[in-house]
Protein chains: 2
Amino acid sequence: MAVTLRDVARAAGVSPATASRALSAPDLVAPERRELVRRVARELGYRPNRAARELITGRSGHLCLVVPDLENPFFSAVAKAVQARARAAGHAVVVADAEEDPLLEAELVSHLGAQADGVLLCSPRMSPDDLADVAADGGPLLLVNREAAGLPSVVIDNRDGVRQAVRHLHALGHRRIAYAGGPPGSWSDARRREGLADDPGPRLPGLDVVDLGAHAPVFAGGVAAADLALAAGATAVLAHNDLMALGLLDRLRTRGVRVPDDVSVVGFDDAPVATLVTPALTTVAAPLARLGRTAVDLLLDPPRGDEPARVALPVELVVRASTAPPPTAPPPAAPA
Amino acid sequence: MAVTLRDVARAAGVSPATASRALSAPDLVAPERRELVRRVARELGYRPNRAARELITGRSGHLCLVVPDLENPFFSAVAKAVQARARAAGHAVVVADAEEDPLLEAELVSHLGAQADGVLLCSPRMSPDDLADVAADGGPLLLVNREAAGLPSVVIDNRDGVRQAVRHLHALGHRRIAYAGGPPGSWSDARRREGLADDPGPRLPGLDVVDLGAHAPVFAGGVAAADLALAAGATAVLAHNDLMALGLLDRLRTRGVRVPDDVSVVGFDDAPVATLVTPALTTVAAPLARLGRTAVDLLLDPPRGDEPARVALPVELVVRASTAPPPTAPPPAAPA
DNA sequence: TTGTAAGCGTTATCAC
DNA sequence: GTGATAACGCTTACAA
């Protein structure tokens, strides 16, 4: 049997109450006794029983993180940061993978979240109503890279990211730019489309933005978008995320189109894969680690106030090898 | 306040004991009462308090997974599978990232593991002694892709994987093959080196294996190894993992060496990145999802017997575009 | 088959 | 500053 607080108290010759205080509220106990208890606890290898503590305090020491896909580098980066920050704050992290299924997300939040000190929810696609529902019946909940009325959130500045990318491409001389969108219903994709519409005016003369529609936010989605981009005669393509950008890169190469000589490609997120390919991806770098850390901080001590906190983190375009000025001639027709 | 079992019992007009049984041991209660209790529980939105249950049963419903780096696609794949299988078995998963630090790993295991129903430990580098220590003071523990005396484990057949890769390269005609090793002290790297030594005999005539030494198991490690491989005059390089193989690919290209025309490259793991690059990586596919699932199964119900279970999962070489017959001429000297 | 009652290990309350 | 004691919500002997 594990060593309990009573054992420690007995061995130290104090009451369980004092032993408890010596460990959890050191100020309330006389210095010498406090040290005695702590030493005895250490010698006996005492480990507080979390369940017992939770039962009385109502706090579990657990945070719950729900993501659509743990294997997506965007979310593993967030998960890593969340985990690190939570540990620093004395919390363990229960991670749940919702398998890109909004229904499962909702279930996970209500099940797992019920007995956690808070929930971090990465839910790009759950409907606002469902979001409100799951938020209603539980404890603290914070949205990551998603906003919704009445709920606290930490997001990246999706809109500005697209703006930066477009400005960059325009400055290089591109005039016909395609956007390869993410999955339908994606909140961040909607924000990015807003950024697309932001700057068509006199500041970026002659700009022509082509919408390639919605795609799965993975490699295959980018592959599909590549053909559409070529058909549309774009000299540059902005992808919803880096995974899609890699798909674009691959398909363009297959079709004999050189990147960046013939067509430029820009990703989004700066996931770790962005520098693993050739040409290295020009991409909108999202501060994923900071996103995770901020989310934990805000969840654990929410700022007082009527309105739930809404934080937007700045993003920054990182120019690498996948963008260059467009060819003077239109991109070569595909060989087949 | 949350609705408790007493509330349900009261509302259903039964004793708390009956209510408890109706939900946790349905067979012990009369059908009509059982259904009544369950209906009432549902209507009231009853959620059992995990802490209270854990306090008395000693089971938390939590598994703990410790990995060196959540961002490494090898481990995110394992984590995803573990999480899915654990959920199917009614368990939540506490994930801990040890930041590639064996000391932190040990601490995480003893802290987090103390109050979990079991621990899954991915610890390529912890010393056998430390492993024995952390295993000693806790509950069930199972090693993932690592073996140690007296501890249950699930591994992939590292040795055979290397054998398959070498045989493939030899069959293509390569005679001088370099191995870019993983970090010093890595258990799986040691197994792979054994595979390297396995087949130098008459079955693979003329084979010459060059050891490029130990490297960080990441992109940068592969970059470093590439130069060594060229200096050694190898026509093929086998990397400790896919991340390193990507580094090799990148550096070889930079130095004007074509893959696979001049030099062939083989990865290990078949992490999701392997197909994201050009040329697509020939690699030893490790069944990562199966690794995770098997680990959970074995942890939750260990086979009875004196010896702890040791399972080795088969691997399979996946030939893609990064390997080809060697050039008849030696690889071109690097341009600078 | 059902109810009563005793805990599980900890913290909170309240005297002292 | 310290010690009894109750209480957290649940499961499980044991009794009926």
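The values are calculated or read from the model by the stated rules, or taken from the named source; none is laboratory data. On a predicted model such as this, the values are computed, not experimentally measured, just so you know. In this analysis, Cβ positions are derived from the backbone assuming ideal geometry, glycine residues included, and neighbour counts consider all displayed protein chains.
From A:LEU55, A:LEU5, which residue is within 20 Å of A:ALA92 (Cβ to Cβ) and near DNA strand C (Cβ under 8 Å from one of its atoms)?
Step by step, each of A:LEU55, A:LEU5 is checked, and only A:LEU55 is within 20 Å of A:ALA92 (Cβ to Cβ) and near DNA strand C (Cβ under 8 Å from one of its atoms).
What single numbered condition from (1) outside any helix (DSSP H, G or I); (2) out of contact with any helix residue (DSSP H, G or I) (no Cβ under 7 Å at 6 or more places or on another chain) fails to hold for A:ARG53?
Of the numbered conditions (1) outside any helix (DSSP H, G or I); (2) out of contact with any helix residue (DSSP H, G or I) (no Cβ under 7 Å at 6 or more places or on another chain), the odd one out for A:ARG53 is (1).
Search segment B:211-226 for residues that are among the charged types (D, E, K, R) and pair each with any residue that is in a helix (DSSP H, G or I) when their beta-carbon atoms are under 8 Å apart and the residues are at least 6 apart or on different chains.
Every condition considered, the pairs that remain are B:ASP211/B:ARG193; B:ASP211/B:LEU196.
Filter segment A:45-56 down to residues that are more than 15 Å from DNA strand D (Cβ to nearest atom) and buried (at least 16 other Cβ atoms within 10 Å of the Cβ), then give me how many there are.
Count: 2.
Collect the residues in segment B:216-247 that are under 19 Å from the mean Cα position of the chain (by Cα) and either surrounded by fewer than 24 Cβ atoms within 10 Å (Cβ to Cβ) or of a type in the set (Ser, Thr, Tyr) (or both), keeping them in residue-number order.
Once the filter is applied, which keeps residues that are under 19 Å from the mean Cα position of the chain (by Cα) and either surrounded by fewer than 24 Cβ atoms within 10 Å (Cβ to Cβ) or of a type in the set (Ser, Thr, Tyr) (or both), segment B:216-247 yields B:ALA216, B:VAL218, B:PHE219.
If I filter segment B:81-90 for residues that are assigned by the TED database to the domain that holds B:PRO140 and within 16 Å of DNA strand D (Cβ to nearest atom), do I get at least one hit?
yes
Take segment B:37-52 and flag every residue that is closer than 30 Å to B:ALA106 by Cβ and within 12 Å of DNA strand C (Cβ to nearest atom).
Of everything in segment B:37-52, just one residue is closer than 30 Å to B:ALA106 by Cβ and within 12 Å of DNA strand C (Cβ to nearest atom), namely B:ALA51.
Only one of these is farther than 20 Å from A:ALA226 by Cα and surrounded by fewer than 16 Cβ atoms within 10 Å (Cβ to Cβ): A:GLY195, A:GLY213, A:GLY185, A:GLY161. Name it.
A:GLY185
How many residues does segment B:115-125 contain that are small (Gly, Ala, Ser) and more than 12 Å from chain A (Cβ to nearest Cβ)?
Qualifying residue count, segment B:115-125: 2.
Residues are listed down the side, and each one gets a yes or a no for (1) in contact with a helix residue (DSSP H, G or I) (Cβ under 9 Å, 6 or more places away or on another chain); (2) touching a residue at least 24 places away in the same chain (Cβ under 8 Å):
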position: A:VAL273; (1), (2): yes, yes
position: A:PRO279; (1), (2): yes, yes
position: A:VAL284; (1), (2): yes, yes
position: A:ARG293; (1), (2): yes, yes
position: A:LEU298; (1), (2): no, yes
position: A:ASP306; (1), (2): no, no
position: A:ALA309; (1), (2): yes, yes
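Before we move on, is A:ALA98 touching a Pro at 6+ places or on another chain (Cβ under 7 Å), without any contact (Cβ under 8 Å) to a residue 60 or more places away in the chain and away from every other protein chain (no Cβ under 11 Å)?
no
In segment A:1-18, which residues are within 14 Å of chain B (Cβ to nearest Cβ) and either near DNA strand D (Cβ under 8 Å from one of its atoms) or crowded, with 17+ Cβ neighbours inside 10 Å (or both)?
Within segment A:1-18, A:THR4, A:LEU5 meet the criteria.
Look at A:LEU112 and say whether it is more than 13 Å from chain B (Cβ to nearest Cβ) and modelled with pLDDT under 95.
No.
Does A:ALA77 satisfy the criteria of being out of contact with any strand residue (DSSP E or B) (no Cβ under 8 Å at 6 or more places or on another chain) and under 23 Å from A:ASP269 (Cβ atoms)?
yes
I'm told B:ARG59 meets every condition in (1) within 9 Å of another protein chain (Cβ to nearest Cβ); (2) surrounded by fewer than 24 Cβ atoms within 10 Å (Cβ to Cβ); (3) in contact (Cβ under 8 Å) with a residue 40 or more places away in the chain except one. Can you identify the failing condition by its number?
If we test B:ARG59 against (1) within 9 Å of another protein chain (Cβ to nearest Cβ); (2) surrounded by fewer than 24 Cβ atoms within 10 Å (Cβ to Cβ); (3) in contact (Cβ under 8 Å) with a residue 40 or more places away in the chain, just (1) comes out false.
Please return the ranges of strands (runs of 3 or more DSSP E) entirely within segment A:188-302 where 3 or more residues are within 14 Å of chain B (Cβ to nearest Cβ).
A:264-269
Is it fair to say B:LEU299 is aliphatic (A, V, I, L, M), closer than 21 Å to B:ALA79 by Cα and at pLDDT 95 or above?
yes
Do you know which of the residues in segment B:19-39 that are part of a helix (DSSP H, G or I) and within 8 Å of DNA strand D (Cβ to nearest atom) is farthest from B:THR57 (Cα to Cα)?
B:ALA19
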